[in-house]
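Trainee: Attaching a single structure in structure tokens format; questions to follow.
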Amino acid sequence: MKIAIIGAGSIGGYLGGMLAHAGYDVSLLARGPHLQAIRAKGLRVQGVNGLDVTVQPKASDDPAALGRQDLLIVSVKAPALPALAPRLAPMLGPDTAILTAMNGIPYWYFHNLAGPLQGRQLTSVDPDGTIWRSLPPAQVIGGVVRLPSSVPEPGMVRALSPANLLIGELDGSSSPRIQRIAEALTKAGIQAPIRKDIRQDVWVKLLGNMAFSSCSVLTGGTQAEIATHPGMRAVLTAMMYEAQAVAQQLGIQFETSVEQRVAEGGKVALHKPSMLQDWEAGRPMEIESIIGVVPELAGMLGLATPTIDTILAVLRVKAALQKI
């Protein structure tokens, strides 16, 4: 199996590094000093239980140089994907599987989903349909990644806990291709349970990510700091209730209450959500795929999201004024 990682940052780099360490034919699409360091010294991968290995995968910033693949694991930040997706054509064949391991509601959400919104495209995520056309949803496997990780220096990735990558066919089947992918990931030390409803997992992660990420950027506080502040806890709770109502209209059910989600998020004492890390580093933030998409979905369903709308407006202005 030829596997390419599209976006070899902290998450993609760790997944690709572990797959390469397990003996798979791995290519990394990367850029800048990170790419230069990987080419010069290899990719150093650190993880739990003393893991510290260096691998030598192929690496390039040119998709054509890496060639056609059996599997693409797409782990770039959402703002980068519309411009990048058309460039991936040389890596795609008719049978290439596309596993999306990204934050937020994915562009393919309504593909092959029964109901009145079947086939609808999300302008907040894919403004002009470029991603949908370039990365055909029919070839997609959904993914939800849980992996706190970082890039301490160019050419190195570090995971703070075992990697967990939930994967699922969009129609809920357990196809031969997803079984092969799960086997490869498991062999590489990555937990990869096959899920019957990957959209459910998307929403479970999104609910907390949407509220904590946006409020962390606006306040500069960690999850624990904002969750334990009475005023901010009220904002977090209101945002989650609004998003939960949208999800429930789409057939999603939650086992954990909103109040429990806020409390659990607040237990992560020093954790800065990835959006806050991007803000502090001057990188583009995933505002639309994580937050902006919720009001878009609400509009389709005739629901109101006043708290989310307010937070989103302030966050957009903050990003625009800082040109991020």
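The values are calculated or read from the model by the stated rules, or taken from the named source; none is laboratory data. Keep in mind it's a predicted model, so treat the numbers as computed, not measured. We place every Cβ from the backbone using ideal geometry, glycine too, and count neighbours over all the protein chains shown.
Trainee: Criterion first (more than 25 Å from LEU81 (Cβ to Cβ) and either free of Cβ contacts under 8 Å to residues at least 12 places away in the same chain or among the acidic types (Asp, Glu) (or both)) does PRO176 satisfy it?
Mentor: yes
Trainee: Against the definition (acidic (Asp, Glu) and surrounded by fewer than 18 Cβ atoms within 10 Å (Cβ to Cβ)), how does ASP201 come out, yes or no?
Mentor: Spelling it out, it is not the case that ASP201 is acidic (Asp, Glu) and surrounded by fewer than 18 Cβ atoms within 10 Å (Cβ to Cβ).
Trainee: Next question, about the same structure. Across segment 115-135, which residue is surrounded by the most Cβ atoms within 10 Å (Cβ to Cβ) among those that are of a type in the set (Val, Ile, Thr) and over 16 Å from the mean Cα position of the chain (by Cα)?
Mentor: Result: THR130.
Here is a yes/no grid of residues against (1) under 16 Å from LEU315 (Cα atoms); (2) touching a residue at least 24 places away in the same chain (Cβ under 8 Å); (3) not aromatic (Phe, Trp, Tyr):
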{"site": "LEU206", "(1), (2), (3)": "no, yes, yes"}
{"site": "LEU236", "(1), (2), (3)": "yes, yes, yes"}
{"site": "VAL246", "(1), (2), (3)": "no, yes, yes"}
{"site": "SER257", "(1), (2), (3)": "no, no, yes"}
{"site": "GLY266", "(1), (2), (3)": "no, yes, yes"}
{"site": "MET285", "(1), (2), (3)": "yes, yes, yes"}
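Trainee: Residues to consider are GLY168, GLY142; find the one that is closer than 26 Å to PRO57 by Cα and under 18 Å from the mean Cα position of the chain (by Cα).
Mentor: The match here is GLY142.
Trainee: While we're looking at this one, here's another question. Which residue out of ILE290, ILE226 is under 25 Å from GLY143 (Cα atoms) and buried (at least 18 other Cβ atoms within 10 Å of the Cβ)?
Mentor: Step by step, each of ILE290, ILE226 is checked, and only ILE290 is under 25 Å from GLY143 (Cα atoms) and buried (at least 18 other Cβ atoms within 10 Å of the Cβ).
Trainee: Okay, moving on. Filter segment 189-238 down to the residues that are in contact with a Cys (Cβ under 8 Å, 6 or more places away or on another chain) and closer than 30 Å to LEU117 by Cβ and list them by number.
Mentor: Of everything in segment 189-238, those that are in contact with a Cys (Cβ under 8 Å, 6 or more places away or on another chain) and closer than 30 Å to LEU117 by Cβ turn out to be VAL235, LEU236.
Trainee: Within segment 130-188, track down each residue that is over 22 Å from ASP278 (Cα atoms), in a strand (DSSP E or B) and among the β-branched types (Val, Ile, Thr).
Mentor: Selection gives VAL140, ILE141, ILE167.
Residue-by-condition table, conditions (1) in contact with a helix residue (DSSP H, G or I) (Cβ under 7 Å, 6 or more places away or on another chain); (2) among the small types (Gly, Ala, Ser); (3) closer than 21 Å to ALA298 by Cβ:
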{"position": "ILE141", "(1), (2), (3)": "yes, no, no"}
{"position": "LEU147", "(1), (2), (3)": "yes, no, no"}
{"position": "PRO154", "(1), (2), (3)": "yes, no, no"}
{"position": "SER175", "(1), (2), (3)": "no, yes, no"}
{"position": "ILE181", "(1), (2), (3)": "no, no, no"}
{"position": "LYS187", "(1), (2), (3)": "no, no, no"}
{"position": "ILE194", "(1), (2), (3)": "yes, no, no"}
{"position": "MET210", "(1), (2), (3)": "yes, no, yes"}
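Trainee: Here is a follow-up. Please find, within segment 189-216, the residue that is nearest to ILE308 (Cα to Cα) out of those that are small (Gly, Ala, Ser) and part of a loop (DSSP other than H, G, I, E, B).
Mentor: My answer is ALA192.
Trainee: Select, from LEU236, LEU218, LEU250, the only residue that is modelled with pLDDT of 95 or more and either buried (at least 21 other Cβ atoms within 10 Å of the Cβ) or of a type in the set (Asp, Glu) (or both).
Mentor: Of LEU236, LEU218, LEU250, the one residue that is modelled with pLDDT of 95 or more and either buried (at least 21 other Cβ atoms within 10 Å of the Cβ) or of a type in the set (Asp, Glu) (or both) is LEU236.
Trainee: Quick one: which residue in ARG44, ARG31 is among the charged types (D, E, K, R) and without any contact (Cβ under 8 Å) to a residue 40 or more places away in the chain?
Mentor: Result of the check over ARG44, ARG31: ARG31.
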